[in-house]
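Here the structure comes first, spelled out in structure tokens, and everything after it is commentary.
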Amino acid sequence: SRHSVVNPAREAMRDGKPVVLASQVTGGATDFAYFNGFLLLEDGACTGGGLSLPHLQTKLAYLLGHREAVEVAGRTLGLDPCQAFDVCMTASAGTRA
């Protein structure tokens, strides 16, 4: 539909911008096993599943502010920038500080 976020998200990823899927569920496990979520994950979107909203926002802000360092670290591990961002985004997911 014209209201779908899939095409704008895909365009953002093509422009090298990380796309992070987050749930509106405030507690419990989340997954993105629905059609649009699956399409975006397949295209390289990151998942914020397992993180509380404040944790997700803080982590996202930090990583966006340090994108070059994330990409350099990723290259040393043989990861493309999207993969490196995803690894950093999901590191410690599911744990509570």
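Couple of notes before you dig in:
- Efficiency of FRET between VAL72 and SER52 - r from beta-carbon atoms, R0 41 angstrom, step 0.05: 0.90
- Order by protection proxy (mean Cβ within 10 Å, highest first), peptides 53-61, 82-90: 82-90, 53-61
- Binning the alpha carbon pair distances of the stretch 36-83 at 5 angstrom intervals from zero yields the distribution 5, 19, 18, 24, 25, 8, 0, expressed in whole percent.
- Within the shell of other residues whose beta carbon sits under 15 angstrom from the beta carbon of LYS17, the net charge comes to -4, with Lys and Arg scored +1 and Asp and Glu -1.
Every number in this text was worked out from the coordinates using simple rules, so none of it is lab data. As the structure is a computational prediction, the values presented were derived from the model and not from experiment. Please note: Cβ atoms are built from the backbone with ideal geometry, for glycine as well, and neighbour counts cover all protein chains shown.
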